[in-house]
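K.L.:
Supplied in structure tokens, the structure appears directly below.
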Amino acid sequence: MEQITLALAKGRTAEDSINLLESAGIHFDDFTAESRKLVFNDTTGSVKLIFVKALDVPTYVENGAADMGIVGKDNIMESQADVYEILDLKLGQCKFAVAGFADHQPLGNNGLTVASKYPAVARRHFQKRGNSIKTIKLNGSVELAPIIGLADVIVDIVETGTTLRENGLEVLEEMDSISTRLIVNKASFTTKSESVHALIHSLQKGLE
Ligand code: PRP
């Protein structure tokens, strides 16, 4: 069988993803959470794991630099990459939401300024509501934006709600549910069919 290159999102779900691969019988002897290494080979040589920034995982997979990827639905939605989404791995479960101050002007108003790590998702959401908005792309600590007056509201992921609560903000509108997904490059799905399906099957078993 041909080797599969699997792109994994660095960050908060990385260790859970490695644990899931372990449950699926795919072992990486030299992986530790503290390691700065970016490439790992599994003990059988059937999977090469590469660690990339979460938003880059769909890009690697779409362009065939990786055959498969493990990444959050948030980043798949933001990238709009043309890939197959095969499995919900149920890790990192959270929600997209519009958030801001409770007494904020109605969300239906046109011309709102929306700050987000996910400007494409934010734009599409407000487009669907029929509202034109201005988006500001931030790379973190998005909750600051309405507090400092950089934006009227934010579009962000909410997991426990603690960050919003501790900053005096609340969910104004719930959006899509998010979790970690297994994605596959469209060409690899056919050309490496046997290896791709073997890995899908192992992960399905690991999830049980
Ligand atoms: C994410 C997200 C929220 C927070 C939500 O940020 O952007 O800020 O987690 O989690 P909660 O509902 O459990 O509080 P992250 O921790 O990735 O940090 P960042 O601000 O640097 O993006």
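The values are calculated or read from the model by the stated rules, or taken from the named source; none is laboratory data. The shown structure was predicted, so the numbers you read here are calculated from the model rather than taken from an experiment. Heads up, the Cβs are rebuilt from the backbone with ideal geometry, glycines too, and the neighbour counts pull from every protein chain shown. The protein model used for the area step is the full one, side chains on, heavy atoms only, and it has no ligands, DNA or RNA in it. Shrake-Rupley method; radii C 1.70, N 1.55, O 1.52, S 1.80 Å.
K.L.:
Per residue, how many Å² of accessible area does the chain show with a 1.4 Å probe?
P.N.:
Heavy-atom SASA per residue in the chain reads 50 Å².
K.L.:
Moving on. Can you tell me which of 58-70, 25-37 comes out highest on packing, and rank the rest after it, using the mean Cβ neighbours within 10 Å?
P.N.:
The packing order, highest mean first, is 58-70, 25-37.
K.L.:
Per-residue accessible area for Glu174 at 1.4 Å probe radius, Å² rounded to 10?
P.N.:
120
K.L.:
Using each residue's phi in segment 20-27, evaluate 6.51 cos²θ - 1.76 cosθ + 1.60 at θ = phi - 60° and report the 3J(HN,Hα) Karplus result to the nearest Hz, with x for Gly and Pro.
P.N.:
Couplings: 5, 4, 4, 5, 7, x, 10, 10 Hz.
K.L.:
Where does the charge balance sit around Val171 when Lys and Arg score +1, Asp and Glu -1, over other residues with C-beta under 11 Å from its C-beta?
P.N.:
Summing Lys/Arg as +1 and Asp/Glu as -1 gives -2.
K.L.:
Considering only segment 94-177, what is the antiparallel percent among its DSSP beta bridges, to the nearest 5?
P.N.:
Taking every DSSP beta bridge within segment 94-177, about 55 percent pair in antiparallel fashion.
K.L.:
A 26 angstrom limit on the alpha carbon distance is what I want to check against. Which of Lys53/Lys95; Lys95/Lys128; Lys37/Lys186; Lys128/Lys205 exceed it?
P.N.:
Lys37/Lys186; Lys128/Lys205
K.L.:
Nearest 0.05, what FRET efficiency do Ala102 and Ser177 give at R0 = 22 Å with Cβ-Cβ as r?
P.N.:
The value I calculate is 0.45.
K.L.:
Counting only DSSP beta bridges with both residues in the chain, tell me the antiparallel percent, nearest 5.
P.N.:
Among the beta bridges of the chain, antiparallel pairing accounts for roughly 60 percent.
K.L.:
Given a 1.4 angstrom probe, I'd like the percentage of the accessible area of the chain that is carbon and sulfur, rounded to a whole number.
P.N.:
Of all accessible area on the chain, carbon and sulfur atoms account for 46 percent.
K.L.:
Between Arg129 and Leu150, what's the calculated FRET efficiency when r is the beta-carbon distance and R0 is 35 Å? Round to 0.05.
P.N.:
With a Förster radius of 35 Å, E is 0.95.
K.L.:
Ordering Ser17, Ser132 by accessible area with a probe of 1.4 Å, largest first, what comes out?
P.N.:
Order by accessible area, largest first: Ser132, Ser17.
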